[in-house]
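Step one of this worksheet: look at the structure below.
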Amino acid sequence: MQLTDEQKREVASWIAGGAKLSEVQQRLDEAFGVRLTYMEARLLVDDLKLVPQEKAAPVEKKPDAGIVAPVAEPAPTPAHGVCVEVDSIMRPGALVSGKVTFSDGVSADWSLDQAGRFSLIPSQEGYRPSQGDLAEFRKILERELTRQGL
């Protein structure tokens, strides 16, 4: 999908105003009738050489050392037992990566590379999560990535 120069300037102003990728995606649809997937919106912003502003992470000051470090906010643990974490430092070759713990307690490493290939490596060889857990994982992951502006 090619945007006009005017549309590109509008996207740049949204980003400059602090809009997250999910907001850009929604505004493109509402303002111009351009429906993009989240990944397409991310690629568009990259092509325009724009960088969405992220909210500053809260800092915690350690009393004895005087060192200031960001505080990581874990994803909320849902009642159904599927818990998703996004790595603060992505694995090499990964666009985004993290860990998931399924409702039966089995954990796995996951990643998504620049080509859009998804990888799920369970801690138990041959493990296959239930379809319900996979669906829940997908929903939680999408919500968490949107929350983090990824």
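The values are calculated or read from the model by the stated rules, or taken from the named source; none is laboratory data. Because the structure is predicted, anything quoted here is derived from the model rather than measured. Backbone-built Cβ (ideal geometry, glycine too); neighbour counts: all protein chains shown.
Of note:
- Restricting attention to region 82-107, the residues that are closer than 24 Å to ARG42 by Cβ and in contact with a Leu (Cβ under 9 Å, 6 or more places away or on another chain) total 8.
- If the condition is being surrounded by fewer than 17 Cβ atoms within 10 Å (Cβ to Cβ) and not in a loop (DSSP other than H, G, I, E, B), then region 11-20 contributes ALA12, SER13, ALA16.
- Unique match (being at pLDDT below 85 and over 21 Å from the mean Cα position of the chain (by Cα)) among GLU54, GLU73, GLU60, GLU40: GLU60
- As for region 82-99, it holds no residue that is modelled with pLDDT of 55 or more, in contact with a helix residue (DSSP H, G or I) (Cβ under 9 Å, 6 or more places away or on another chain) and among the polar types (S, T, N, Q).
- Looking only at region 21-50, and only at residues there that are exposed (fewer than 15 other Cβ atoms within 10 Å of the Cβ) and of a type in the set (D, E, K, R), the one that is nearest to LEU145 (Cα to Cα): GLU40
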